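Participant: I am attaching a structure below and will ask some questions about it afterwards.
The values are calculated or read from the model by the stated rules, or taken from the named source; none is laboratory data. These numbers come from a predicted model, not from an experiment. Glycine gets a Cβ as well: all are built from the backbone with ideal geometry, and neighbour counts include every protein chain shown.
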């Protein structure tokens, strides 16, 4: 069971983001999730893009996302159940992801737990198998996966390869650090 106690997340405001815009200055990626207020999410996308940072957004709770926000997200990560709620119409995961792209999404990663994930962008549609591991506690799995995705993008991996590593970590040693791309 997952219980959410909003705590500090609920108190984050647009003004907090605006007052701390300098934090975006040297960022390559801005990771956001829906456990902070929608106004703060919207506000964070603007300085992130002004400073050339890509926005990775993980849907953590089932909330309505306006088209303007979806269009401001560079990589939209959600699970298959959340996609089904957002896209209540019948259809495959591919068709539902395509409708999110019509709403403005640039890139969508739909996670499916033990069934892996799908990556959809305007050039790619690819399924990745999950790691062949027994799940013990999946509570933080999505957050860990998104963090791995961002880390490997920072290492210079292209999105398809970074997605593969995030869903199926390699057994080989980690890559050497490289200059963070801008």
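Participant: Which one of these does residue 88 not meet: (1) within 24 Å of residue 50 (Cβ to Cβ); (2) assigned to a loop (DSSP other than H, G, I, E, B)?
Facilitator: (1)
The rows are residues; the columns are (1) touching a helix residue (DSSP H, G or I) at 6+ places or on another chain (Cβ under 8 Å); (2) touching a residue at least 40 places away in the same chain (Cβ under 8 Å); (3) crowded, with 21+ Cβ neighbours inside 10 Å; (4) in a strand (DSSP E or B).
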{"residue": "56", "(1), (2), (3), (4)": "yes, yes, yes, yes"}
{"residue": "62", "(1), (2), (3), (4)": "yes, no, no, no"}
{"residue": "68", "(1), (2), (3), (4)": "yes, no, no, no"}
{"residue": "77", "(1), (2), (3), (4)": "yes, yes, yes, yes"}
{"residue": "84", "(1), (2), (3), (4)": "yes, no, no, no"}
{"residue": "99", "(1), (2), (3), (4)": "no, no, no, no"}
{"residue": "109", "(1), (2), (3), (4)": "yes, yes, yes, yes"}
{"residue": "126", "(1), (2), (3), (4)": "yes, no, no, yes"}
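Participant: Any chance the stretch 129-150 includes a residue that's in contact (Cβ under 8 Å) with a residue 40 or more places away in the chain, within 18 Å of residue 84 (Cβ to Cβ) and surrounded by 16 or more Cβ atoms within 10 Å (Cβ to Cβ)?
Facilitator: For the stretch 129-150, residues in contact (Cβ under 8 Å) with a residue 40 or more places away in the chain, within 18 Å of residue 84 (Cβ to Cβ) and surrounded by 16 or more Cβ atoms within 10 Å (Cβ to Cβ): present.
Participant: For residues that are assigned to a loop (DSSP other than H, G, I, E, B) and either in contact with a strand residue (DSSP E or B) (Cβ under 6 Å, 6 or more places away or on another chain) or surrounded by fewer than 11 Cβ atoms within 10 Å (Cβ to Cβ) (or both), scanning just the stretch 1-25, find the one that is modelled with the highest pLDDT.
Facilitator: The initial filter retains those residues of the stretch 1-25 that are assigned to a loop (DSSP other than H, G, I, E, B), namely 1-6, 12-13, 20, 25.
Right, trim to either in contact with a strand residue (DSSP E or B) (Cβ under 6 Å, 6 or more places away or on another chain) or surrounded by fewer than 11 Cβ atoms within 10 Å (Cβ to Cβ) (or both) and you get 1-5.
Details: 1: 57, 2: 61, 3: 67, 4: 68, 5: 74.
Looking at residues that are assigned to a loop (DSSP other than H, G, I, E, B) and either in contact with a strand residue (DSSP E or B) (Cβ under 6 Å, 6 or more places away or on another chain) or surrounded by fewer than 11 Cβ atoms within 10 Å (Cβ to Cβ) (or both), I get 5.
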